[in-house]
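Down below is the structure, laid out as structure tokens.
Derivation of every value follows stated rules applied to the coordinates shown; laboratory data play no part. Keep in mind that this is a model prediction, so the values were computed, not measured. Methodologically, a virtual Cβ is constructed for each residue, glycine included, from the backbone with ideal geometry; neighbour enumeration extends over all protein chains shown.
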Amino acid sequence: MDFNLSSMGSSPKAPAEPVHVKVLILGSGPAGLSAALYAARADLNPVVLAGMDLGGQVALTYTVENYPGFPEGVSGPDLVNLFQKQAERFGAKVEFDTATEVDLSQRPFRVKTYNGEYLAETLIISTGATPTRLGVPGENKLTGRGVSFCATCDGWFFKGKNVIVVGGGDSAIEESLFLTRYADSVTVVHRRDELRAGAILQKRAFAEPKIKFIWNSVVTDIHGESKVESVTLKNVITQDTTEMPVDGVFIFIGHTPNTQLFTGQLEMDDQNYLVSDKRMRTNVEGVFACGESADPVFRQVITSAGMGAAAAIQANHFLDAQEMDAETATAIS
Ligand SMILES: Cc1cc2nc3c(=O)[nH]c(=O)nc-3n(C[C@H](O)[C@H](O)[C@H](O)COP(=O)(O)OP(=O)(O)OC[C@H]3O[C@@H](n4cnc5c(N)ncnc54)[C@H](O)[C@@H]3O)c2cc1C
């Protein structure tokens, strides 16, 4: 990975005083870095806290073929590196630090980090989400090499191939149906003997000749050196194991939004995604939420980047309005 770390506050010492900024952005994935670009171009000198995963989920992606402007595709790390460079060119500062505590009860918002503390006039939350992993051998090594968490992103690579889908909920079945456009066969491996997905989806899946089901089974191993070659399946009732040759393993067993930090302070839906309106505003004035931390539906680089841009535009409007209110108050008094 070729990230530019030169500007990434490497000092382990906590700043003596909290750093006061107009725009603080939590997260360095596509949403955070796009917000940084727009906020920097609005002359707001944004600071981005990169978090533990510099570049976000896309930095784990071997090739991104659905982000416009790259007709030949682009590696995930290269794409976010370009995002970062572009934001920095206009004055955004990316710090290698993580928010550990927030106080949104008054402005400026107080954000504690491993290295210090910030006072932020506006806060843009782009902390993303984490796809739930199986936690089996081979999964990490082969992610982006046949193991995928996104059919929209990677389905194209499996034209004429045989894939399995792990899961039994709506996402698993929707994505299985989508994968039948490309793959020769899609085998749904589910640990129970019935699906959790909605009735209409189930009906469509059972009627689709390319989709097969393996019930009461889990994946215990994913095999392959440079790409997925096979999986070991275990029947949870008989405990029998079998090895099944496959080209791809799509895992849809859930996503967890990285929003624990905001519990009790920001409105969330029943799955803990932040609730933001069309202008990315949360229930706290001056706090904006964008990207996958607030999006259980689209989960793409382009949609996350778009939400990030919108959040920064809105943060700029918010700061302008605050300034105008202050000027009016001064003129009246
Ligand atoms: C393997 C894989 C392949 C994918 N392939 C594609 C693809 O080909 N095309 C596509 O469009 N999409 C793809 N996606 C989806 C895409 O990566 C995501 O939709 C996108 O990255 C979401 O962007 P985001 O900025 O909202 O969040 P994320 O990318 O999840 O970034 C979240 C950021 O927040 C930071 N963070 C978290 N907590 C804190 C904190 N407390 N303080 C500071 N920072 C914090 C993290 O370090 C990270 O930098 C893929 C996803 C995966 C997992």
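Once a ≥ b ≥ c are taken as the square roots of the eigenvalues of the Cα gyration tensor of region 147-251, is the result rounded (a/c under 1.5), prolate (a/b larger than b/c) or oblate (a/b not larger than b/c)?
oblate
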Among S34, G198, Y114 the positive-end extreme of the charge dipole of the chain (Cβ point charges): G198
Degrees between helix 301-332 axis and first principal axis of the chain (Cα, 0 to 90, nearest 10): 20
Separation of alpha-carbon centers, region 130-151 and region 278-333, rounded to whole Å: 33
Point-charge dipole on Cβ atoms (K/R +1, D/E -1) for the chain, about Cα centre, debye to 20: 580
Label point 7 Å beyond Cα of A321 along Cβ direction - residues of region 21-43 with amide nitrogen under 19 Å: 22-24, 39, 42
Footprinting exposure proxy for M268, M244, M307 (fewest neighbouring C-beta atoms within 10 Å first): M244, M268, M307
Region 191-215 and region 58-109: distance between their alpha carbon centers, rounded to Å: 37
Net charge of neighbours whose Cβ lies under 10 Å from the Cβ of N283, counting Lys and Arg as +1 and Asp and Glu as -1: -2
Options M324, G169, S276, ranked by Cα towards positive dipole end of the chain, top entry (Cβ charges): G169
For the chain, Kirkwood radius (reciprocal of mean inverse C-alpha pair distance, Å): 21.3
Out-of-range pairs (alpha-carbon distance over 23 Å; input K159/K212; K141/K210; K161/K210): K141/K210
Gyration tensor (alpha-carbon) shape descriptor, region 131-206, a/c threshold 1.5: oblate
In degrees, nearest ten, helix 76-89 long axis to first principal axis of the chain (Cα): 10
Order of W215, W156 under a 10 Å beta carbon neighbour criterion, fewest first: W156, W215
